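Bear in mind these aren't lab numbers, they're just calculated from the coordinates by the rules spelled out. The structure presented is a predicted model; accordingly, all values stated were derived computationally and were not measured. As a convention, Cβ positions derive from the backbone with ideal geometry for all residues, glycine included, and neighbour counts pool all protein chains shown.
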Amino acid sequence: MKTVNDCNFENKRALIRVDFNVPLNEYFEVTDKTRIEAAKPTIIKILEDGGSCVLMSHLGRPNGVEEKYSLKHIVSAVSDVIGVRVKFASDCVGEETKKMADNLQPGEILLLENLRFYKEEKEGDIHFAKKLSELGAVYVNDAFGTAHRAHASTTVIAQFFPNEKCAGFLLASEVENINKVLYNSTPPVVAIIGGAKVSSKITVINNILDKVDHLIIGGGMAFTFIKALGGTIGSSLVEEDKLKLALEILAQAKAKNTQIHLPVDAVIADAFREEAQTQTASINAIPEGWMGLDVGPETNQIFKKVILKSKTILWNGPVGVFEMQKFATGTIALGNAIAEATVNGAFSLVGGGDSVAAVKKFGFTNKVSYVSTGGGAMLELLEGKVLPGIKALEE
Ligand code: AMP
């Protein structure tokens, strides 16, 4: 895949698909600029080459044109982060916008209005994609978070730039870091898969089983495995229709020589509430009326040992209900173990919506090697899928 490093943008206008789907408060101020900062290196490289940038993004899930989802709200935040006064086009296509793009001088940036004001964006409409393509000479995709969608601006548009298309730094580094874990890893490799349900992680587990030496399973999904193995799990989360599947995964792991580590104890509660009564119990002897909401102290020690002897670590999904302080201990212990392994030289990658939230909440962002920004896109790469946005750049 070509990246911006393989191109020179002197006197060229780059049309960049960015992911500026940022959170806004009630005053329409950007409350987290992470996504804008993530696109900055690509934009700066193009400007420093002597090029100009047309930026296009979606924001939220508008139903037609909805003022509250206008990208005009983020113009000053983008200007602040990039350090250049950004111009704004109040439509993402049309004559006026085309004129603004054509008049752009080297060093200048034009931000387009929300792509999703047009239903054609999500439909992957080729005519809409063609209109967008007329706004730049080189197409750059730096929106990893939407690379798994075959939308007009993320995928369909690429065909109008047969030779002039490439990945931005963010997209390229996301792919590189995930590939480092999946195809280019230093053993021993451990994957920690947590979260609520087996069903949402089954494809990931299937794809990584023969790529990892150890698989740690935590969170709500562990109880489906424990029950399948004959344990008593009280009223813990369980997917009754996945019990057979759980046994199949365990058998496959054995056949592939992948060691599975399930929790041996749990912090159990008499209600799904912060104020609930709690105690520690053996994972397969949870009394009636009690539910496991975090892994227990013995499990923390076992998981830590596995993590500390690993050289490559993938973490997706919390091992407990970390949103409630009482049940966050296991997830924090896990983060600490990964941080320690990273200091000792392991490569650690964290990704997927809730693990990123946990990493942010407990201050682990700078203590792991890489935090993936694209929840769905990252999961699909871990599932072994080819992302349409990436394929379109390679064709
Ligand atoms: P996921 O989106 O599948 O990664 O699931 C993340 C969610 O799983 C978080 O909101 C956690 O609160 C939840 N979770 C983790 N452990 C448990 C558990 N033992 N019981 C119920 N929910 C859990």
Note to self: Can you tell me, using C-alpha contacts under 8 Å and at least 6 residues apart, the relative contact order of the chain as a whole percent?
What the structure shows: 15
Checklist line | Farthest toward positive dipole pole in the chain [+1 Lys/Arg, -1 Asp/Glu at C-beta], among Gln277, Thr186, Gly335 | finding: Thr186
Notebook entry, point to check: Given the C-alpha centroids of region 51-99 and region 254-310, what is the distance between them in whole angstrom?
Noted result: 47
Next item on the list: Have a look at Asn25, Asn163, Asn11 and tell me which one the Gaussian network model of the chain (Cα, springs below 10 Å) gives the largest fluctuation.
Entry: Asn25
Note to self: Apply the a/c threshold of 1.5 to the C-alpha gyration tensor of region 230-271 and tell me whether it is rounded, prolate or oblate.
What the structure shows: oblate
Checklist line | Label-to-label distance, nm, for residues given as Met1 and Gln105 (7 Å Cα→Cβ offset) | finding: 3.5
Checklist line | Filter on Lys99/Lys131; Lys45/Lys122; Lys211/Lys309; Lys305/Lys367; Lys180/Lys367; Lys242/Lys385 - keep pairs with C-alpha separation over 21 Å | finding: Lys45/Lys122; Lys242/Lys385
Next item on the list: Find how much the distance from Leu229 to Lys72 grows on full extension, using 0.36 nm per residue of separation minus their present alpha carbon separation; answer in nm with one decimal.
Entry: 51.0 nm
Check: About the Cα centre of the chain, what is the dipole size in debye to 20, counting +1 per Lys and Arg Cβ and -1 per Asp and Glu Cβ, all else neutral?
Finding: 680
Check: Gain in length, Ile302 to Glu394, computed as 0.36 nm per residue apart minus the alpha-carbon separation, to one decimal in nm?
Finding: 28.8 nm
Check: By count of other Cβ within 10 Å, fewest leading, how are Glu113, Glu240, Glu274, Glu383 ordered?
Finding: Glu240, Glu274, Glu383, Glu113
Note to self: With n ≥ 4 as the cut-off for DSSP H runs, can you work out [θ] at 222 nm for the chain, using -39500 (n - 2.57) per run divided by the number of residues, rounded to the nearest 500?
What the structure shows: -10000 deg cm²/dmol
Check: In which sequence would Met221, Met378 go, from the one with the fewest C-beta neighbours within 10 Å to the one with the most?
Finding: Met221, Met378
Note to self: Please list, in order, the residues from region 227-241 whose amide nitrogen is less than 12 Å from a point placed 7 Å along the Cα→Cβ vector of Ala285.
What the structure shows: 232
Check: What spacing in nm lies between the two simple spin-label points modelled at Ala255 and Asn344, each 7 Å away from Cα in the Cβ direction?
Finding: 3.3
Notebook entry, point to check: Given H placed 1.01 Å from N in the peptide plane, which residues other than close sequence neighbours of Ile260 have an amide H under 5 Å from its amide H?
Noted result: Leu215
Note to self: Through the Karplus equation 6.51 cos²θ - 1.76 cosθ + 1.60, θ set to phi - 60°, convert the phi angles of region 53-58 into ³J(HN,Hα) values in whole Hz; use x for Gly and Pro.
What the structure shows: 10, 9, 9, 10, 7, 9
Notebook entry, point to check: Roughly what % of DSSP beta bridges within region 185-382 run antiparallel, to the nearest 5?
Noted result: 30
Next item on the list: First measure r as the distance between the Cβ atoms of Lys326 and Asn207, then evaluate 1/(1 + (r/R0)^6) with R0 = 41 Å and state the FRET efficiency to the nearest 0.05.
Entry: 0.75
Notebook entry, point to check: With a 10 Å Cβ neighbour count serving as the proxy for reagent exposure, in which order, fewest first, do Thr31, Thr42, Thr154 appear?
Noted result: Thr31, Thr42, Thr154
Notebook entry, point to check: In percent, how large is the relative contact order of region 267-395, given Cα pairs closer than 8 Å and 6 or more residues apart?
Noted result: 19
Checklist line | Three semi-axes of the equivalent ellipsoid, the chain, Cα gyration tensor, whole Å, largest first | finding: 43, 22, 19
Margin query: Can you compute the label reach from Ala196? Point 7 Å from Cα along the Cβ direction, backbone N cut-off under 15 Å, restricted to region 350-382.
Written below: 353-355
